[in-house]
1. Mind checking which of LEU155, ALA20, ALA36 is farthest towards the positive end of the chain's charge dipole, using Cβ charges of +1 (Lys, Arg) and -1 (Asp, Glu) about the Cα centre?
2. Scanning the chain for chymotrypsin sites (Phe, Trp or Tyr not before Pro) in DSSP loops with at most 16 other Cβ atoms within 10 Å, what's the longest stretch left with none?
3. Once label points are set 7 Å from the Cα along Cα→Cβ at both HIS176 and ASP156, what is their separation, rounded to one decimal in nm?
4. Treating only the Cβ of Lys, Arg, Asp and Glu as charged (+1, +1, -1, -1), what charge dipole size does the chain show about its Cα centre? Round to the nearest 20 debye.
5. What FRET efficiency do you get for HIS224 and ALA21 if R0 is 41 Å and r is their Cβ-Cβ distance, rounded to the nearest 0.05?
6. May I ask you to compute the full-extension gain from ALA123 to ARG74, defined as 0.36 nm times their residue separation minus their alpha-carbon distance, rounded to one decimal in nm?
7. Relative contact order for the chain: what percent, with Cα pairs under 8 Å and sequence separation of 6 or more?
8. Which whole-Hz couplings ³J(HN,Hα) result when phi for each residue of the range 17-23 is put into the Karplus expression 6.51 cos²θ - 1.76 cosθ + 1.60, θ = phi - 60°, listed in order with x for Gly and Pro?
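Where a number appears in this text, it was derived from the coordinates with a stated rule and is not lab data. Since this is a predicted model, take the numbers as computed values, not measurements. So basically every Cβ, Gly included, is an ideal-geometry build from the backbone, and we count neighbours across all protein chains shown.
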Amino acid sequence: MTDTGYRHAVAQLLLVEDDAAIRAALIRALTERGHAVTSMAGAMAALQHVLESPPDLILLDLGLPDLGGYEALRMMRAVSSIPVVVITARDDESEIIRVLDAGADDYVIKPFGAGQIDARIRAVLRRSGQNEVKSGSPLEVGGLRLDPEGHEATLDGARLDLSRREFDLLHYLALHAGQVVTRRDLLTHVWRMPYGGADKTVDVHVSWLRRKLGETAQQPRYLHTVRGVGIKLSAP
């Protein structure tokens, strides 16, 4: 797997492949192209890793020893929306359709060049990134102004001292100002975590944001809780 040394932004990849030789070659090739690669030989270990340390993208082989790749894909999709690129030697069209319908974002047939898999990874990350918290033009909601490029937020001209997570949370809510955003969406797009039992993480950060915005849950100005649904950011 040799190709030009193209460099780009680092992505955190999880490689799930039981063939040691293929695994080593892919790790080397992808690392050379600027990615950070964690590898697993089995599906169950990979699922645990996805829950504990969500990567940016998963490379999933279908021929795994402990659990079929198709079943593994379905289980990953049940707990996460992280992009998945399936890598396999199976080239049957019906199998390709089955895997894509199960939630795979792309499908690459072995053997393949390192340049091809790298290009596929970048293409999938570009597509999935359309729904992620990204840098862009400044946003204004009432007296609240967010500058994603400078990672700065001000309220009525005064700078807000926000942590990275607080800024990302406020930015995502500002991108959807006037809309109710569910905890599931926030966990997926801000925390990149699976939904289920972690909604208190959102509540705690919303509470911190309220304090910095000079409001309370009982007397909200910008952050409005819609009981049983989610959070809405709107101008006072």
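1. So the residue we want is LEU155.
2. It runs 113-236.
3. 2.8
4. With only Lys, Arg, Asp and Glu charged at Cβ, the dipole is about 800 debye.
5. E(calc), rounded to 0.05, equals 0.15.
6. My answer for the length gained is 15.4 nm.
7. Averaging sequence separation for qualifying contacts and normalising by length gives 14 percent for the chain.
8. Once θ is set to phi - 60°, the couplings for the range 17-23 become 8, 8, 7, 4, 5, 5, 4 Hz.
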